[in-house]
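Novice: Attaching a single structure in C-alpha cells format; questions to follow.
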Amino acid sequence: PTHITISLSRLQVWMEELDESDMQLIATTAFKRLPSDLLTKMIGFTRALQREVVVHRKFGHRGSPWDFNLRDLFRWCELMEADQQPPYWQPLDYVDSLFLQRMRSVDDRSAVLRLYSEWLNESKAIDANSLQPHYAISRESLQVGHAWLQRDDAALASDAQGRPPLVLHGQLRPLAALMTCIRMRWMTVLTGEAGCGKTSLARLLARLCGKSMLEVTLSTATDTTELLGCFEQSDP
C-alpha cells in the first residue's frame, strides 16, 4: 500500500495499489474503441514489466529506479487511438518509443521484448533490429517510423560549417521516440553519457523540421527563478 501523509491537517491516507481489475476497468472506460481482450494483454505486459524490473529486479538495473504503471498504459492507448483504426491495432508499433528506449542496455531491451512476446502472444521472438524505422521527408512533413511532425516549407538548414543535416542509422529509433513525445506534448528527457549525441539529436530534429531551437545551459547552481521569473517588490 501507498502511505501518503498530509502534514497540514495531520491526516494520513492509505491507498491500495491498483490491481489488474482496477486497471482493466479504468482502461476499458477511458478507451472504448480498443478491444477488451487486447487491453487485458497490454495490462498484463505492463504489470509484468513492473514486477520483473521493480520488484524482482531481474534486469533494468541501469537507470533505475523505474515505475511502470497506469500512466504508461494510457500513453500506449492514446498513441494507438491517434494513429490506428480498428481492427488493425498494432501495440508493437509503440513499444520501442514507450518502453525500449527507456532501457539503457541492449540486454535490458532484449528482456523487455521477450516479455512482450510472452504477453501479447507473438508467434515468434521479436528482434530489436526489426524495429528499425524508415524515414521520409517532404515539403510538408517529416516521418520516422510511426512518428511524424509538420515542418516548415523551407530548405533544410545547414549548420555553422555549411553542412547539410546528416541522419545516422543509429539515430532513427531515438529520433522516432523524441518525435512521438513532441507530437503528443509529453515531457521529454534525453539521457546518456557525455558526448553520446543528445544535443545533436535535438538539433537535428529542429533542422529537419525547419524550426529554430532555443538552448539554455543549466547547472546545479541554476535557480528556478531564472527559468520561470519572479516578482520583485518596488517602491516608486
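The values are calculated or read from the model by the stated rules, or taken from the named source; none is laboratory data. These figures come from a predicted structure and were not determined experimentally. Cβ placement follows ideal geometry from the backbone for every residue including glycine, while neighbour counts extend to all protein chains displayed. The accessibility values were calculated without ligands, DNA or RNA, using every heavy atom of the protein model including side chains. Shrake-Rupley method; radii C 1.70, N 1.55, O 1.52, S 1.80 Å.
Novice: Using only helices, what value at 222 nm comes out for the chain when you add -39,500 (n - 2.57) per DSSP H run of length 4 or more and divide by the total residues, to the nearest 500 deg cm²/dmol?
Specialist: After summing the helix terms and dividing by the residues of the chain, the value is -11000 deg cm²/dmol.
Novice: Springs between alpha-carbon atoms under 10 Å, Gaussian network over the chain: tell me which of His169, His61, His134 tops the mean-square fluctuations.
Specialist: His169
Novice: Could you compute the net charge surrounding Gln84? Neighbours are other residues with a C-beta less than 12 Å from the C-beta of Gln84; K and R count +1, D and E count -1.
Specialist: Net charge around Gln84: -3.
Novice: Something else: Sequence gap at least 6, Cα distance under 8 Å: using those rules, report the relative contact order of the chain to the nearest whole percent.
Specialist: Reported as a whole number, the value is 12 percent.
Novice: Any idea how many Lys pairs in the chain come in under 23 angstrom at the alpha carbon, given 8 or more places apart or on separate chains?
Specialist: 5
Novice: Right, something else. So what's the net charge close to Cys209: Lys and Arg +1, Asp and Glu -1, counting the other residues with Cβ under 10 Å from its Cβ? Write out the running numbers ahead of the final one.
Specialist: Values: positive: Arg151, Arg207, Lys211; negative: Asp152.
Residues close to Cys209 contribute a combined charge of +2.
Novice: Tell me the net charge near Gln24. Cut-off is 12 Å between Cβ atoms, Gln24 excluded, with +1 for each Lys or Arg and -1 for each Asp or Glu. Show your work: numbers first, answer last.
Specialist: Working: positive: Lys41, Arg47; negative: Asp19, Glu20, Asp22, Asp37.
Net of charged neighbours comes to -2.
Novice: Follow-up. Can you pull the percent of the chain's accessible area that's carbon plus sulfur, 1.4 Å probe, other chains left in place?
Specialist: Carbon and sulfur atoms account for 53 percent of the accessible area of the chain.
Novice: Give me the 1.4 Å probe accessible area per residue for the chain, excluding ligands and nucleic acids, in Å².
Specialist: That works out to 66 Å² for each residue.
Novice: Further, regarding this structure: Figure the gain on full extension for Ala128 and Arg183 (residue separation times 0.36 nm, minus the Cα-Cα span) and round it to one decimal in nm. Working shown, then result.
Specialist: Values: separation 55, 0.36 × 55 = 19.80 nm, distance 2.38 nm.
Difference between extended and current length: 17.4 nm.
Novice: What does the extension gain come out to for Ser200 and Asp37, with contour length at 0.36 nm per residue minus their alpha carbon separation?
Specialist: Taking Ser200 through Asp37 to full extension adds about 54.5 nm, to one decimal.
Novice: How far apart, in nanometres, would the label points at Ser141 and Ser212 be if each is projected 7 angstrom from Cα along the Cα-to-Cβ direction?
Specialist: Each label point is offset 7 Å from its Cα along the Cβ direction, giving 2.7 nm.
Novice: Right, next: Where a ≥ b ≥ c are the square roots of the eigenvalues of the C-alpha gyration tensor, would you call region 117-236 rounded, which needs a/c under 1.5, or, failing that, prolate if a/b is larger than b/c, or oblate? Intermediate values should be presented prior to the final figure.
Specialist: Values: a/c = 2.21, a/b = 1.55, b/c = 1.42.
In terms of gyration-tensor shape, prolate.
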